[in-house]
Amino acid sequence: MRAFAALVPPQHAVDDLEDFLEPRRAAGTFRWSAPEQWHVTLAFYADVAEHRVDDLVEALAAAAARRRTTPARIAGGGAFPHGVAAKVLWAGLVGDDEELGRLAAGCRAAASRAGTRVDGQPFRPHVTLARIGAPQEVTRWVRLLDTYTGPEWVADTVTLLASHLGEGPRRRPRHEVLEEIAV
């Protein structure tokens, strides 16, 4: 199964960002991500064997136990690979970068302890807001997102989610919570 470890923002943070974006969405010709699926990916596991899920949960719990909670907020934005020819529009996550980085590293290391693989992308804390079919220039969207600062919340839970491709609304992924692990 496809799975990932993530920080899921609390509802008040999601609502605040949604209130900011909602009146502006029509101006973007993007595939907007559903707010109920917004998250910050700590580690992505492309192919977890069913019999390894419990091992992964156990390894994630051990990794989370070594970390401390940290204040966080969604603020700013950017685009991948860059604003001139973007494929993804995102909002940033501001917090204790060192602690968030260590949490992400622990979630990545948990994969090898559980006998599965993790993708090798560097950790860049963000919430994917939209995907863009053909690369396009989005620097004005990035500048707009740079004006946004959401409410503070405490990053205190690692959520392990399964991603079921094509099973969500409009054939998008459906995310299923497998486990919530306290930090």
Full-extension gain in nm, ARG174 to ALA61, via 0.36 nm per residue minus C-alpha separation: 38.3 nm
Principal axis box of segment 122-180, alpha-carbon based, largest edge first, Å: 37, 33, 24
The chain - percent relative contact order, Cα under 8 Å, separation 6 or more: 33
Potential lengthening between HIS164 and ARG131 on full extension [0.36 nm per residue; Cα-Cα distance subtracted]: 10.1 nm
J(HN,Hα) series, segment 148-162, from Karplus relation 6.51 cos²θ - 1.76 cosθ + 1.60, nearest Hz, glycine and proline x: 8, 9, x, x, 6, 9, 9, 7, 10, 9, 9, 10, 8, 10, 9
Segment 85-161 versus segment 15-45: alpha-carbon centroid distance in Å: 12
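Roughly how many debye, to the nearest 20, is the charge dipole of the chain about its Cα centre, given +1 on each Lys and Arg Cβ, -1 on each Asp and Glu Cβ, and no other charges? Please list the in-between numbers first.
Values: 22 positive and 24 negative charges, 150 e Å.
Roughly 720 debye, rounded to the nearest 20.
Would you mind counting up the charge near GLY83? Only other residues with Cβ under 13 Å from its Cβ, with Lys and Arg at +1 and Asp and Glu at -1. Write down the numbers at each step before the final one.
Details: positive: LYS87, ARG140, ARG143; negative: GLU137, ASP146.
My count for the surroundings of GLY83 gives +1.
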Cα gyration tensor shape of the chain, rounded if a/c is under 1.5, else prolate or oblate by comparing a/b with b/c: prolate
Listed residue (ALA59, ALA75, GLN37) projecting farthest to the positive dipole end of segment 1-79, Cβ model: ALA75
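With a sphere of radius 11 Å drawn around the Cβ of HIS175, what net charge do the other residues whose Cβ falls strictly inside it have (Lys, Arg +1; Asp, Glu -1)?
Numbers: positive: ARG2, ARG172, ARG174; negative: GLU36, GLU167, GLU176.
Value of the local net charge: 0.
What ranking of ASP146, ASP55, ASP19 emerges when the number of other C-beta atoms within 10 Å of each C-beta is taken as an exposure proxy, fewest first?
Working: ASP146 14, ASP55 17, ASP19 10.
Fewest-to-most ranking of ASP146, ASP55, ASP19: ASP19, ASP146, ASP55.
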Cα long-axis angle, helix 53-65 against the chain (0 to 90 degrees, to the nearest 10): 80
Charge dipole (debye, nearest 20) of segment 1-72; +1 at Cβ of Lys and Arg, -1 at Cβ of Asp and Glu: 300
FRET efficiency estimate (nearest 0.05) - Cβ-Cβ, GLU98 to ARG143, R0 30 angstrom: 0.60
Relative contact order (percent, whole number), segment 64-132, Cα cutoff 8 Å, 6+ residue spacing: 37
log10 of Debye I(q)/I(0), alpha-carbon scatterers only, for segment 1-73 at 0.13, 0.20, 0.24 Å⁻¹: -0.57, -0.98, -1.14
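Bear in mind that the values in this text are calculations on the coordinates, not laboratory data. From a predicted model like this one, the values you see are computed outputs, not experimental measurements. Cβ sites come from the backbone with ideal geometry, for glycine too, and all protein chains shown count toward neighbours.
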